[in-house]
1. For Lys165, which lysines qualify as cross-link partners when the Cα separation must be under 22 Å and same-chain residues fewer than eight apart are set aside?
2. What per residue convex hull volume, in Å³, comes out for the range 232-271 when only alpha-carbon positions are used?
3. Let me check I've understood the local charge: for Met360, count other residues with C-beta under 12 angstrom from its C-beta, Lys and Arg +1, Asp and Glu -1. What total comes out?
4. Per residue, how large is the accessible surface of the chain? Use a 1.4 angstrom probe and give square angstrom.
5. Please list Arg433, Arg171 from largest to smallest accessible area, probe radius 1.4 Å, with all protein chains kept in place.
6. What shape does the range 336-479 have by the C-alpha gyration tensor, where a ≥ b ≥ c are the square roots of the eigenvalues, rounded means a/c under 1.5, and otherwise prolate means a/b greater than b/c and oblate the rest?
7. Skipping prolines and chain starts, which residues have an amide H placed within reach, meaning under 5 Å, of the one on Arg123, given they are 5 or more residues away or on another chain?
8. Scan around Thr200 for amide H atoms under 5 Å from its own, H built in the peptide plane at 1.01 Å from N, and keep only partners 5 or more places away or cross-chain.
Amino acid sequence: MSVEQGEAFGPWLGRQLRRATRSQAELAKHLGITRAAVSAWIVGRAEPRDEHKRMIAEFLGIDAEAVNNRTSDISTNLPLTWHHRPAHADGGREYGNAAAFAFNADLSVLAREATQNSLDERRDQARPVHVHYTLHEISGPHLDKFLDSLQWNELRKHYDAAAGKNQKVSRSLRAALEELDRTRTMLLLRVDDYNAAGLTGPEYSDGRFAAVVRRQLDSHKESSGRAGGSYGLGKVTLWATSRFGLVLMNSTLSEPHEGRTERRVIGRLDLPWRMVDDAAYAGPAWFGEPDTSPEHPGVSRSWWADEQTVRDLHLERPNSDSGTSFLIVGAHDASGDAESLQDMHEKLVRSLADGFWAAMVGGARAGALLDARVTTMRNGQVLVPEQRVDPYSRHPALSRALKAYLDNGTVTERTSGDQVAQTDVSLFVTPLRDANRVEGKGVEHRAVLLLTQTDDEERKNRVVCMRGNRMTIMERRPRELPLGTDAFQAVLLAGHATEQNGADVQLAEDFLRASEPPEHNKWDRTEELTSLYRRGALSRIDDFKEAIDRAVRELVGRRETVARGGPAVLQELLRLNHAGASAGTRRAQGVPTVRSINARLDDTGAWHVDVDLKLPDAEDSWLLTPVAKFDVRSGGRPVLEWSLLTAAENCRVENGNLVISAGTRSASFAGVTDPTSHPVRGKLSRLLVDVQKARGGAR
């Protein structure tokens, strides 16, 4: 059915009769036919002749062309109204939506969950989804006009009743109402997506609309197996971010409903159980047009709004591209780290970049999946201009790595700094419990690891893991990295994120999705993983993580010491003094040796050293003392003080000594010298580090 064809005749006619409060019998009498003939039209067994269609138009008081097109409803005086769900007949009560507590009311969580849902509903695979976040603070006449459009006076008694309880949600509501009364200011946050599916489907039965508006824990996704979400919880963050539990929606549909696609509008309110005017209400309420169907009498359903109404509700959409606008009424950031409008704007930009930088990168193999922007306004005036989220600005090395992969520009081994190394990492997918038996570990999927150097000291030496639509799932620091390697960042692409085809891709996608909790922030044990897959599924996840670490170690290798604006750092920075060994003699077997070392100078002149030790198998623990000295051509070498001495792996620091347990074969530590103890500036010196056996030796 296309927009031009309009809605099927039967459903359209039945709805018009209900809206006009006219019966089938009255129409049959007007047409001079039997009621059975009208019934046959409505149930779709037949369609009237053109002559009867003209008479139907006359009966309904509309133009004959409207009967042929069936892309609009007859005008009525049905008022927009709030329908509050009556309390449960069995006396049960909910003092809030439990699903809302699955996530924190944090703007970063909202950005992650709402944007993931938009990505999952991308319509045209040749174009990115466009997501636009607009913060809009309103007060004075702007606030009054908006509240009037919401019928706030009718809602307020429900809010007051819900806020009167001594429950968590009630206390939060009470604080929000008091602040609104005191400041007469409200923050709206609109989340618009374009090139998305929109809230398609019927009002109450299965479809995107009912999954979002009417149901909980319904993840109705149709994204070719690439969906990031699977729990149906992400949409709840929209309501959790509203201090009033209120979200309005305006959707442009990718598939017509009731013969139309534009301005399908509805509002949903989530409140605790309450008593208002001696009537008990269960919790949620909906803002819309009264349903005239006999199955749902009086229930507020979505309506096809005019342009002025969507402007009054701050839900206007600038073009007809399919998607949905969600307006969060009374938005806030409960984390407390973004209180001003500027702070909230910056946090949204930062969160979108952190969660979806990879989805915003495109290349020859696959284009960008997402375009994200943030704007901030106050009373209709732009406060912070529209800002496009730039992945290369916040994550330059990671974006460069993914771009190289998408442009087929990676190498197997790096020979220069900016190159991106690529290797495969095997994930073995355990069979489902009801699948045919598979020999070995399972079906092998080759994930892709990309690695490149970085100047980002804060996020160095980490692997960002993702699948599906390239949303960041987790970051991990690989274990047992050789100290002294260049700072790097790496990307792990699994499942559909590899842009590969094959049965193993979808199997890996499903397997990893099953291992993710509702937050989709790690691959680990979940009930879904252990219940759907055969024994050993968790071991395959653990093996995958170990394989990632191993692949990173193979790519980074050992770092070559490089001068950084001063004299060359000595290659032999570490010397171990031990009992029974004199200067100039060959070191005996069975003593600790240096495996790798790294040293650099900072702007204050302090030396930073990272030392990796290889230790023989010993029955006693080791007690070693690191000593920093300046190398001189003659005379005694000046001893420096440590401003910081920390254990890195397999050791601990006690009173300036390293304590290493018996049987440990490797250990590492880090130290920073105190510049005030330097006899000369660090850049004019060469550093030695002695690791000496402490008094008492091995203990």
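1. Lys157
2. On the way: hull volume 3.6 nm³, N = 40.
Hull volume over Cα atoms, normalised by residue count, gives 90 Å³.
3. Details: positive: Arg373, Arg388, Arg394, Lys403, Arg470; negative: Asp354, Asp371, Asp390.
Spelling it out: positives minus negatives among the neighbours equals +2.
4. 46 Å²
5. Numbers: Arg433 135, Arg171 115 Å².
Descending order: Arg433, Arg171.
6. The shape class here is prolate.
7. Ala196, Ala197
8. Arg208, Phe209
The values are calculated or read from the model by the stated rules, or taken from the named source; none is laboratory data. Everything numeric here is computed off the predicted structure, so don't read it as measured data. With ideal geometry, Cβ positions are generated from the backbone for all residues, glycine too; neighbour counts draw on all protein chains shown. Remember, those area values only see protein heavy atoms, side chains included, never the ligands or the DNA or RNA. Shrake-Rupley method; radii C 1.70, N 1.55, O 1.52, S 1.80 Å.
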